[in-house]
Amino acid sequence: MHDPEGVIKYQLTHIEEPVPLSATEFSQINAWRTMAYQLGVIGQDSTRYGGLGFGNISQIVTHKAIQFIISGTQTGHEASLSLAQYCGILTADIDRNTMTAQGLCKPSSEALTHAMIYAINPTIKAIIHVHSPEIWHAAQPLNLPCTATDIPYGTPEMALAVEQLFIDKQLANTGTFAMLGHQDGIVSFGLTLEKAGIELIKYLAAARAINAYS
Ligand SMILES: [Zn+2]
């Protein structure tokens, strides 16, 4: 079973006020988001996922009250985002499936998945979730850790499955895993956005190399 993109599964309390991001913080996350768009792993395509936007990016910030910032929902079609298209997550209650967000737009429908990953491993400070058929279909030859086909994104089962990847040390030497229950879903993470981004690009290049010979 594959979940549609764009459906917000959690209960959201939305405070419609600007996110207090510095110019440096904004330009950093936006540079990686634009890069992912250019690589075709964040975007919107009428032939994929019912034409809904896909992929999102987040980063832990040190602002009072804001846990992390994340790209807004249904922004995939934009080549470059404005500050108003990012959102700050103030609270995330995974058990109750609720979030509080501040921003001029609503957060990505997959924001709770990002919150789950940050909660599992506090050394993770940045997450890029993309949709890459190339990496996803090459998950096996790439030896990518995977969550099972029957586990949809954004569920407590997904949180447990990702936690298990850490417990099994499958994510000890890599910052990327594939979600086989989420069509083309790949997650790269790291101590910084740069580390997460380089992880992603490394696997994209490796997948393209495999696909060229298969
Ligand atoms: Zn997704």
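Each reported figure results from applying straightforward, stated rules to the coordinates on display, with no laboratory input. Please read these numbers as outputs of a predicted model, since none were measured by experiment. No Cβ is skipped: glycine too gets one built from the backbone with ideal geometry, and neighbour counts run over all protein chains shown.
Can you tell me which residue is farthest from Met179 (Cα to Cα) among those in segment 126-151 that are part of a strand (DSSP E or B) and more than 13 Å from the ligand (Cβ to nearest atom)? Reasoning before the result, please.
So in segment 126-151, the residues part of a strand (DSSP E or B) come out as 126-131, 146-147.
Within this subset, residues satisfying the condition of being more than 13 Å from the ligand (Cβ to nearest atom) are 126, 146.
On the way: Ala126: 18, Cys146: 6 Å.
Looking at the filtered set, the residue picked out is Ala126.
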Discussion item. Being closer than 13 Å to Gln11 by Cα, touching a strand residue (DSSP E or B) at 6+ places or on another chain (Cβ under 7 Å) and aliphatic (A, V, I, L, M) is the filter here; which residues of segment 90-142 pass it?
Written reply: Ala92, Met99, Ala101, Ala111, Leu112
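Which residue out of Ala84, Ala31, Ala36, Ala23 is aliphatic (A, V, I, L, M), out of contact with any His (no Cβ under 9 Å at 6 or more places or on another chain) and surrounded by 18 or more Cβ atoms within 10 Å (Cβ to Cβ)? Outline the logic, then answer.
On the way: Ala84 fails: surrounded by 18 or more Cβ atoms within 10 Å (Cβ to Cβ); Ala31 fails: surrounded by 18 or more Cβ atoms within 10 Å (Cβ to Cβ); Ala23 fails: surrounded by 18 or more Cβ atoms within 10 Å (Cβ to Cβ).
Residue meeting the stated conditions: Ala36.
Output the residues belonging to segment 156-183 that are touching a residue at least 60 places away in the same chain (Cβ under 8 Å) and assigned to a loop (DSSP other than H, G, I, E, B). Step through it out loud before you land on a result.
Of all residues in segment 156-183, those touching a residue at least 60 places away in the same chain (Cβ under 8 Å) come to 156, 159, 181-183.
Gly181, His182, Gln183 - these are the residues of segment 156-183 that are touching a residue at least 60 places away in the same chain (Cβ under 8 Å) and assigned to a loop (DSSP other than H, G, I, E, B).
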Worksheet item: Picking from Gly55, Gly154, Gly72, Gly51, which residue would you name as being at negative phi and either away from the ligand (no atom under 13 Å from the Cβ) or surrounded by 15 or more Cβ atoms within 10 Å (Cβ to Cβ) (or both)?
Response: Gly72
Practice prompt. Could you list, in sequence order, all residues of segment 94-111 that are crowded, with 21+ Cβ neighbours inside 10 Å and either of a type in the set (Lys, Arg) or within 16 Å of the ligand (Cβ to nearest atom) (or both)?
Written response: Pro107, Ser108, Ser109, Glu110, Ala111
Worksheet entry | Scope segment 179-206; condition more than 27 Å from Leu160 (Cβ to Cβ) and touching a Leu at 6+ places or on another chain (Cβ under 7 Å); matching residues | Leu204, Ala206
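Looking at Thr62, Thr123, Thr91 in this structure, which one is surrounded by fewer than 17 Cβ atoms within 10 Å (Cβ to Cβ), at negative phi and part of a strand (DSSP E or B)? Step through it out loud before you land on a result.
On the way: Thr62 fails: part of a strand (DSSP E or B); Thr123 fails: part of a strand (DSSP E or B).
Checking each option against the conditions leaves just Thr91.
If I filter segment 113-122 for residues that are away from the ligand (no atom under 16 Å from the Cβ) and aromatic (Phe, Trp, Tyr), do I get at least one hit?
Initial filter on segment 113-122 (away from the ligand (no atom under 16 Å from the Cβ)): 118-122.
Retained after the next criterion (residues that are aromatic (Phe, Trp, Tyr)): 118.
Yes: segment 113-122 contains one or more residues that are away from the ligand (no atom under 16 Å from the Cβ) and aromatic (Phe, Trp, Tyr).
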Fill in: Close pairs (8 angstrom Cβ cut-off, 6 or more residues apart or separate chains): in contact (Cβ under 8 Å) with a residue 24 or more places away in the chain and farther than 22 Å from Leu200 by Cα in segment 49-77, surrounded by fewer than 24 Cβ atoms within 10 Å (Cβ to Cβ) and among the hydroxyl-bearing types (Ser, Thr, Tyr) anywhere
Gln67/Thr91; Gln67/Tyr118
